[in-house]
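Engineer: Before we start, here is the structure in question, set down as structure tokens.
Just so it is clear, none of the values below were taken in a lab; they were calculated from the coordinates. Quick caveat, the model's predicted, so the values are computed rather than measured. Please note: Cβ atoms are built from the backbone with ideal geometry, for glycine as well, and neighbour counts cover all protein chains shown.
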Ligand code: SF4
Ligand code: SF4
């Protein structure tokens, strides 16, 4: 896709970066067929190729419009199009640039700016989020139905236990939203690894991985979180902790892409690259271990929702499928396995109508597998699906902890 940048954007380095990235696109349109928003809305401009045309138009005219912003905002950033694209177009980076330039050229509506500021100020901070949820639970009956459903119930930490010390030690990333609303995922991970004689250490001063800010076009703040976390984790890994383990696939993907956040800071880019050698998502980590002790006594049917961040971002879906089958689950994948459930970071809060429709389709496909329980590996998907599912939805590490 050839692009001539408008003189209005000539000095903007991200515009030049976008032009380079766009040049790989050969307009074939293969990506359109696997795009969830195109499938729902049937409009080329709500598919990847159409959005790339809009970004090119923005670069060439130095102008945006309400329509352009809406089409770009409806993208889930699920990266299904990247898996399909034969030319290796870095679509997600282009969309980030497109949204950023569009927002800089024409300010989004006040309501949208306030909502995004609220999300940025709340979600990455477990204490604030926990306090806000506590208040929301008290006034739940007074809230509109759409918000009421999004408040997770308080869960008892019933199965906590003390853990043994082991020579093998890993750092367990707690996650911001996860540690506020689903702490049992981290506890289940500790219990499972304890049985493999691996001790989980936690880093009290770690912060959000930065994914929330990244989603909300606040790259500077995402970089700040990343820099802080690198300074916390790297010395412990250099001292001998075996790995940095992440149980939420969206966080694992954000950390995997830390080096790209520091393309203008070589010192931190080097540190981020060193961190990557130690960072693993829980599925890929267990895949490499001797998991004989964890094998289920009898096969258990399990419907698996594969997060987009796992299959289209980390590209580690095969390992998780092989691991869970090896552990003795009778694994059932839905027919629409490659499609997003609608959670997509903060998307379900920003585009509730589309997110709700995608969830409805996904739950139907998961139920059609005939399994009585659902698993996933990302806190956003778990909360989003769990809000409306008839069947229980948990992280697969929790099901493994329960059944093995
Ligand atoms: S990231 Fe997902 S929603 Fe966005 S264009 Fe690509 S396939 Fe469609
Ligand atoms: S599949 Fe790739 S090359 Fe083809 S239109 Fe989509 S982004 Fe462009």
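Engineer: Would you please put 73-79, 280-286 in order of how densely packed they are, using the mean number of other Cβ atoms within 10 angstrom per residue and starting with the highest? Don't skip to the answer; put the middle values down first.
Structural biologist: Details: 73-79: 21.7, 280-286: 23.6.
So the order, starting with the most tightly packed, is 280-286, 73-79.
Engineer: A further question follows. Quick one: which of 374-382, 269-277 comes out on top by average Cβ neighbours within 10 Å, and what's the full order, highest first? Numbers along the way, then the final one.
Structural biologist: On the way: 374-382: 27.7, 269-277: 16.0.
Per-residue Cβ counts within 10 Å, averaged per peptide and sorted highest first, yield 374-382, 269-277.
Engineer: Students often get this wrong: which residues of segment 184-220 have the backbone nitrogen under 13 Å from the point 7 angstrom along Cα-to-C-beta of residue 402?
Structural biologist: Label zone hits: 184-185, 188.
Engineer: Return one number: the angle in degrees, 0 to 90 and rounded to the nearest 10, between the long axis of the Cα atoms of helix 219-238 and the longest principal axis of the Cα atoms of the chain.
Structural biologist: That helix lies at roughly 30 degrees to the long axis.
Engineer: In addition: What number results when the radius of gyration of the chain, computed over Cα atoms, is divided by 2.2 N^0.38 Å?
Structural biologist: Working: Rg = 21.2 Å, N = 404, 2.2 N^0.38 = 21.5 Å.
Output field value: 0.99.
Engineer: Now a separate question. Can you pull the one-decimal nm distance between simple spin-label points at residue 260 and residue 183, each 7 Å off the Cα toward Cβ?
Structural biologist: 3.4 nm
Engineer: How far, in nm, would the chain grow between residue 163 and residue 136 when pulled straight, counting 0.36 nm per residue and subtracting the alpha carbon separation?
Structural biologist: Values: separation 27, 0.36 × 27 = 9.72 nm, distance 3.38 nm.
Result for the pair: 6.3 nm of gain on full extension.
Engineer: Round to a whole angstrom and tell me the spacing of the C-alpha centers of segment 333-376 and segment 45-60.
Structural biologist: About 26 Å separates the Cα centre of segment 333-376 from the one of segment 45-60.
Engineer: At 7 Å along Cα-to-Cβ for each site, give me the label-to-label distance between residue 104 and residue 295 in nm.
Structural biologist: 5.7 nm
Engineer: Let me ask something else about it. Dividing the Cα convex hull volume of segment 263-404 by residue count, how many Å³ per residue is that?
Structural biologist: Values: hull volume 16.8 nm³, N = 142.
Looking at segment 263-404, the number lands at 119 Å³ per residue.
Engineer: Further question: Can you order the peptides 253-260, 38-45 by their average number of other Cβ atoms within 10 Å per residue, highest first? Mind showing how you got there, number by number?
Structural biologist: On the way: 253-260: 20.9, 38-45: 15.6.
Ranking the peptides 253-260, 38-45 by packing returns 253-260, 38-45.
Engineer: If you don't mind, there's one more thing I want to ask. Between the alpha-carbon centers of segment 1-28 and segment 206-282, tell me the distance in whole angstrom.
Structural biologist: When both Cα centres are located, 28 Å separates them.
Engineer: If you take all C-alpha pairs in segment 7-105, what percent of them are over 19 Å apart?
Structural biologist: On the way: 1697 of 4851 pairs.
Distances greater than 19 Å cover 35 percent of the Cα pairs.
Engineer: Expected output is a single nm value to one decimal: the length gained when fully extending between residue 330 and residue 318, i.e. 0.36 nm times separation in residues minus the C-alpha distance. What is it? Don't skip to the answer; put the middle values down first.
Structural biologist: Details: separation 12, 0.36 × 12 = 4.32 nm, distance 1.52 nm.
Stretched out fully, the residue 330 to residue 318 stretch lengthens by 2.8 nm.
Engineer: For residue 114 and residue 87, compute 0.36 nm times the residue count separating them, minus their Cα-Cα distance, and round to one decimal in nm.
Structural biologist: Values: separation 27, 0.36 × 27 = 9.72 nm, distance 3.79 nm.
Here the answer is 5.9 nm.
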